[in-house]
1. Looking at the stretch 1-18 only, could you name the residues that are buried (at least 16 other Cβ atoms within 10 Å of the Cβ) and not in a strand (DSSP E or B)?
2. Looking at 489, 451, 472, can you tell me which residue is assigned by TED's automatic domain parsing to the domain that holds residue 295, surrounded by fewer than 18 Cβ atoms within 10 Å (Cβ to Cβ) and free of Cβ contacts under 8 Å to residues at least 24 places away in the same chain?
3. When the stretch 268-309 is examined, which residues are found to be farther than 28 Å from residue 251 by Cα and in contact (Cβ under 8 Å) with a residue 24 or more places away in the chain?
4. Please go through (1) farther than 16 Å from residue 12 by Cβ; (2) aliphatic (A, V, I, L, M); (3) in contact with a strand residue (DSSP E or B) (Cβ under 9 Å, 6 or more places away or on another chain) for residue 172 and return the number of the only condition it doesn't satisfy.
5. Quick check on my filter: what residues within the stretch 98-140 are among the polar types (S, T, N, Q) and free of Cβ contacts under 8 Å to residues at least 60 places away in the same chain?
6. Restricting to the stretch 121-152, give me the number of residues that are under 17 Å from residue 21 (Cβ atoms) and either in a strand (DSSP E or B) or of a type outside the set (A, V, I, L, M) (or both).
7. Would you mind stating whether residue 217 is out of contact with any Pro (no Cβ under 7 Å at 6 or more places or on another chain) and of a type in the set (Val, Ile, Thr)?
8. Looking at 272, 287, 257, which one is touching a Phe, Trp or Tyr at 6+ places or on another chain (Cβ under 6 Å), of a type in the set (Ser, Thr, Tyr) and either assigned to a helix (DSSP H, G or I) or farther than 30 Å from residue 356 by Cα (or both)?
Amino acid sequence: MSVTEREIKLGAGATFSMPSLDGLAAGVTATPSDAERLWTTYFDTDDLRLARWGMSLRHRAGQGWTVKLPTAEEGPVLARPEITFAGNGDTPPGEVVDLVRAVVRSDELQIQAQLDTIRRRIALRDADGSLVADVFDDEVSVLEGRRPATTFRELEVEIAENTPPGLLDAVVDQLRSAGAEAPDPTPKYIRSLGPSAALAAEIPIPALGLGPTCGDVVRRAIAKSVVRLIEHDPVVRLDADPEGVHQARVATRRLRSDLRTFRSLVDPAVASSLRDELGWLAGVLGSVRDADVLLERIRGNAARLPESSRAGAERVLGALAVTREDARDELFEALRSDRYVELLDLLVATANSPALRSAAELPAFTTLPALVREPWGLLEKHAGALGKSAPDDALHDIRVRTKRVRYAAEAVAPVVGHRARVFAAAAADLQEVLGDLNDAVVAEAWLRDWAHVSRSPSGVFAAGELASLEHADAQRSRARWRKAWRKLAAPKLRTWM
């Protein structure tokens, strides 16, 4: 089960006394429950890798296994995806370990903290009796063996979708007035480790100071993409949000592009090996992403069809969903493989200490712009050679080259500044137009291929209608690409190269 927990945490001293929470919003009443005892065991690697990535893995007696993913701030509220698995045992089951595999990788999960908590709950309900918020008063003992080593007290205010406006602020104000400390987002697991725990990021993204070298820029670019890939790995595995696959694929593609752009600065053997393995990963991610894009496009166009064609369109979508499931199964098999874990280990090592050549010591500001000129020159040569009726495969090649140029400009933008970002934005605009064209062309081809083999008359008819809509969309994109190209090709955008 997956939910998003939204809460505010506050510290409280031993003498704190819970105030009345009745009437803090119209019709809201507070109902306390009997205290309960929670026995919680937290697992992590010996170097606390989950904690360092903002994650946690716990087993709680009677509640099973819970993985919490990194926190996202929504104003004063902390939102944490929380995934719960049934079961008991001394070691986390495989499905739980899979979810955190990108962070744990080849390391082992061990018990790192055991907590004994006395929890007192106050349920806040509206006039209809619906639960609108929970307030928890937790007295936590961090155990060392069977004896408490340290203790702390924590208040949690959890809200729901139906929490009345203003109730959260009113509860927090009431708690603060009674002596609660200021909101503190630190999770229990992190507090239990104590102030001496080393929780530095596993992959720090270095800031670029004055006068950075080329190597500084390369290290930063690689680190950002590796972090993006690892952070989105659990989202991919949960398979609830297509953005997970999309962002993981972007990370792999950007890494391959940066390794190509900076190839004169990185050890060629390391760069070649990484590019090959990233190409494999991008391929299995791409099969799912392509199916997601097709589903979104065809589902949107199906809504434009007359009612009489909806049943046939559902047959088309059903067939595409099967294709997507097959691609997902192949992706999940890859994510469970030793090959993937080894690639992640290599990426982390490279992000922290890339194998740089001597040229990486050169000043970035004067050296890096020239590295963008090569992919730009190739793009300009191929785009300039196209006539008014350029074939689709040639325009797809321009899209790939445009993306390469965009990534290169974005990689050097932290050094070059605004001019490189403006150029990259123009490249992104052209890439979007050509991406829309490619998506429409691919969708039309898939629909016509499916109609050729389908035995469903209604499905074949709907596929023909949908293919016509995609054809029209492709025509509109073809009419737009030259305007976007002229904008990108303006000499004033390249004065920094």
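The values are calculated or read from the model by the stated rules, or taken from the named source; none is laboratory data. Since this is a predicted model, take the numbers as computed values, not measurements. Every residue, glycine as well, gets a Cβ built from its backbone with ideal geometry; the counts of neighbours run over all protein chains shown.
1. Listed by number, the residues that qualify are 12, 16, 18.
2. Numbers: 489 fails: free of Cβ contacts under 8 Å to residues at least 24 places away in the same chain; 451 fails: surrounded by fewer than 18 Cβ atoms within 10 Å (Cβ to Cβ).
So the residue among 489, 451, 472 that is assigned by TED's automatic domain parsing to the domain that holds residue 295, surrounded by fewer than 18 Cβ atoms within 10 Å (Cβ to Cβ) and free of Cβ contacts under 8 Å to residues at least 24 places away in the same chain is 472.
3. Of the stretch 268-309, the ones farther than 28 Å from residue 251 by Cα are 301-309.
Result: 301, 302, 304, 305, 309.
4. Every listed condition holds for residue 172 apart from (1).
5. Keep residues of the stretch 98-140 that are among the polar types (S, T, N, Q), which gives 106, 110, 112, 114, 117, 130.
Scanning the stretch 98-140 gives a single hit, 130.
6. Narrowing the stretch 121-152 to residues under 17 Å from residue 21 (Cβ atoms): 121-127, 129-138.
So of that shortlist, the ones also either in a strand (DSSP E or B) or of a type outside the set (A, V, I, L, M) (or both) come out as 121-126, 129-138.
The total comes to 16.
7. Numbers: out of contact with any Pro (no Cβ under 7 Å at 6 or more places or on another chain): no; of a type in the set (Val, Ile, Thr): yes.
It is false that residue 217 is out of contact with any Pro (no Cβ under 7 Å at 6 or more places or on another chain) and of a type in the set (Val, Ile, Thr).
8. Values: 272 fails: touching a Phe, Trp or Tyr at 6+ places or on another chain (Cβ under 6 Å); 287 fails: touching a Phe, Trp or Tyr at 6+ places or on another chain (Cβ under 6 Å).
Of 272, 287, 257, the one residue that is touching a Phe, Trp or Tyr at 6+ places or on another chain (Cβ under 6 Å), of a type in the set (Ser, Thr, Tyr) and either assigned to a helix (DSSP H, G or I) or farther than 30 Å from residue 356 by Cα (or both) is 257.
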